[in-house]
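Inspection log for the structure reproduced underneath, given as structure tokens.
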Amino acid sequence: MFGFLRRFRRDDKAIEASQAEPIAPEPLTEPQAEPVEPPALAQESPQPSIEPVPPSPPQGGEPTEPPAGGLWSSLRSKLARTRAGLTEGLASLVLGKKQIDDELLEDIETRLLLADVGMETTQEIIADLTRRVSRKELKDPEALLEALYEHMVRLLEPVAQPLVIDPGRKPHVILVVGINGAGKTTTIGKLGQRYAQAGHKVMLAAGDTFRAAAVEQLQAWGARTGVQVIAQGQGADSAGVVFDALQAARARGADVLIADTAGRLHTQGGLMEEVKKVKRVLAKLDPSAPHEVLLVLDASIGQNALNQAVQFNEALGVTGLVITKLDGTAKGGIVFAITRRLGLPIRFIGVGEKAEDLRPFAAREFVDALLDHES
Ligand SMILES: Nc1nc2c(ncn2[C@@H]2O[C@H](COP(=O)(O)OP(=O)(O)OP(=O)(O)O)[C@@H](O)[C@H]2O)c(=O)[nH]1
Ligand SMILES: [Mg+2]
């Protein structure tokens, strides 16, 4: 069932209006029924019986794992902009219609393209739906939307693979790469907290020795989350810092080491060589390291993220993705385009600047939020 249809159904006036005049598009801001931010006071929830009590973190930070289904977990509210673009106006096309028509299919196609789902994926989806309509498998507009939903879930399920920390590695080394401002350092801070709260001994390596204040930024996350940061300061050799950090992490029996690196454009050959060197240096101490090359991509740059992902993958052998800034963008469909192009595991999505705004990627939950669907 789709929330945007339910809302229109509930409001008889809106249905009448839909037959007489165009319905006002769904606002980009969150509908009132869904909380935008974790509220300080209890408020009406879709599931009032589940009143989440955030676990108290051991080191005085914020909780990492928002309880499912509660006020904290409103992925829907975080993805409001992409959802608005995808579902806006669909209700007026669907309601009161018994037949699927070209207008509806074209509208879906346009919305997928505008959300940056990408030409190939969009055409495949539309071709599949059209085929099923002509075979009379899909008989009404709602069945068509359900089929769209299932198709989108199927596309993402293969890449929804969590990042598993191997307890046999001491430490499990995660090398974090990406272009400037993608959200690497923020993601590392969030990951540090997540793994520390899961009971792992975590250390962070301040491998971004290039940008002013990069080390301090990581140290601030470390201080906030109670995670140790190994740093040498600006201007030091990045590979050297990371090498030393791995030695220190081994000596101290750390479970997880997460290495930050300076942001670089995939077109900057020299800088790409530098990060390759960081990777090689890690392997000198532990031939199996790094155990994860995590590429952080900013969803808000849409299709531009695609080329970056391809180039970083060619240079470094990326093993997992984090897609950030899915909160302020209407381009959340880029997740489909990236998946089609690379098929790389999506480990997490970033939906805000706070520690709890890093969510493990789950295909059905994500598409539910994008299409305002309730499974
Ligand atoms: N809204 C939102 N902002 C984010 C997210 N992730 C990161 N940011 C913000 O994006 C900005 C850049 O984040 P950084 O973590 O510094 O990015 P970086 O990749 O380390 O940047 P460089 O070190 O310059 O290469 C900061 O203001 C973050 O707070 C997210 O998921 N959502
Ligand atoms: Mg950084």
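See the values below:
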| quantity | calculated |
| --- | --- |
| Residue pairs, from the table K201/K325; K325/K354; K184/K284; K78/K325; K97/K139, whose Cα atoms sit over 21 Å apart | K201/K325; K184/K284 |
| Value of relative contact order over the range 172-371, rounded to a whole percent, pairs C-alpha under 8 Å and six or more apart | 24 |
| E106 accessible area, assembled protein chains, probe 1.4 Å, Å² | 110 |
| Simple label model, 7 Å out from Cα along Cβ direction - E142 to K276, nm | 5.7 |
| Inter-probe distance in nm under a simple model that places probes 7 Å from Cα toward Cβ, at R131 and L285 | 5.1 |
| Segment A223-N180, length gained on full extension (0.36 nm per residue, minus Cα span) | 13.2 nm |
| At R0 = 41 Å, FRET efficiency that the Cβ-Cβ distance of A198 and L265 yields, to 0.05 | 0.75 |
| Rg/Rg_ref, the range 155-279, where Rg_ref = 2.2 N^0.38 Å and atoms are Cα | 1.03 |
| Distance between the range 332-375 and the range 147-221 - C-alpha centres, whole angstrom | 15 |
| Local electrostatic count at G270 - Lys and Arg +1, Asp and Glu -1, tallied over other residues with Cβ under 15 Å | 0 |
| Sites D102 and R10 - FRET efficiency at Förster radius 25 Å, r taken between beta-carbons, to 0.05 | 0.30 |
| Mean separation of Cα contacts under 8 Å, 6 or more apart, over the residue count of the range 166-275: relative contact order % | 41 |
| Length gained when the stretch Q303-R364 is fully extended (0.36 nm per residue, less Cα-Cα span) | 19.7 nm |
| Efficiency of FRET from Cβ geometry, E353 and S375, R₀ 41 Å, rounded to 0.05 | 0.90 |
| Difference of contour (0.36 nm per residue) and Cα-Cα distance, E157 to A248 | 29.0 nm |
| Rg/Rh ratio calculated on Cα atoms of the range 172-371 (Kirkwood radius) | 0.95 |
| In nm, spacing of pseudo-spin labels at R169 and A212 (7 Å Cα→C-beta vector) | 3.5 |
| Whole-percent carbon and sulfur share, accessible surface of the range 172-371, 1.4 Å | 49 |
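The values are calculated or read from the model by the stated rules, or taken from the named source; none is laboratory data. Keep in mind it's a predicted model, so treat the numbers as computed, not measured. Cβ: placed from backbone, ideal geometry, glycine included. Neighbour counts: every protein chain shown. Accessible surface areas use protein heavy atoms only, side chains included; no ligands, DNA or RNA. Shrake-Rupley method; radii C 1.70, N 1.55, O 1.52, S 1.80 Å.
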